[in-house]
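Below you'll find the structure I mean.
Since every read-out is calculated from the coordinates, none of them should be taken as a lab result. Source: prediction; values computed, not measured. With ideal geometry, Cβ positions are generated from the backbone for all residues, glycine too; neighbour counts draw on all protein chains shown.
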Amino acid sequence: MNLEKMRVTARIRLLVALALIGLIVLCAASLLRLHSGMMEDRKLQTRNLVENSLGVIQHFHKLSQEGAMSESDARKAAVETLRSMRYDKTNYLFMVNQNH
């Protein structure tokens, strides 16, 4: 394919096609970076929520160990505290108790 022998319209179409391909590649790369950044943010948010929840559980466990409240009361208080925790205004935390 010799560019000198091509018509001007064919050259322009080739230039436009190459520009579009480049734009599509750039958009795809940007979307992939955006997706990976959003996933990392979501993982960090989830990790923070789990760490906060673990802190709540440890707090009420400590209170029950010190005798400030009974174990059942501490468990109920921890569950109620965790039940009220939300993130992103609509998402919530759930827990699974494998012992009961």
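Only residues that are loosely packed, with under 15 Cβ neighbours inside 10 Å and either more than 31 Å from the chain's Cα centre (by Cα) or hydrophobic (A, V, I, L, M, F, W, C) (or both): list them for the stretch 80-96, please.
Selection gives Met85, Phe94, Met95, Val96.
From the list Ser64, Ser72, which one is closer than 29 Å to Arg86 by Cα and touching an Asp or Glu at 6+ places or on another chain (Cβ under 6 Å)?
The conditions single out Ser64.
Scan the stretch 66-95 for residues that are part of a helix (DSSP H, G or I) and either of a type in the set (Ser, Thr, Tyr) or touching a residue at least 24 places away in the same chain (Cβ under 8 Å) (or both) and jot them down.
Those that are part of a helix (DSSP H, G or I) and either of a type in the set (Ser, Thr, Tyr) or touching a residue at least 24 places away in the same chain (Cβ under 8 Å) (or both): Ser72, Thr81, Leu82, Ser84.
Does the stretch 45-79 hold any residues that are surrounded by 11 or more Cβ atoms within 10 Å (Cβ to Cβ) and of a type in the set (Asp, Glu), and which are they?
Glu71, Asp73
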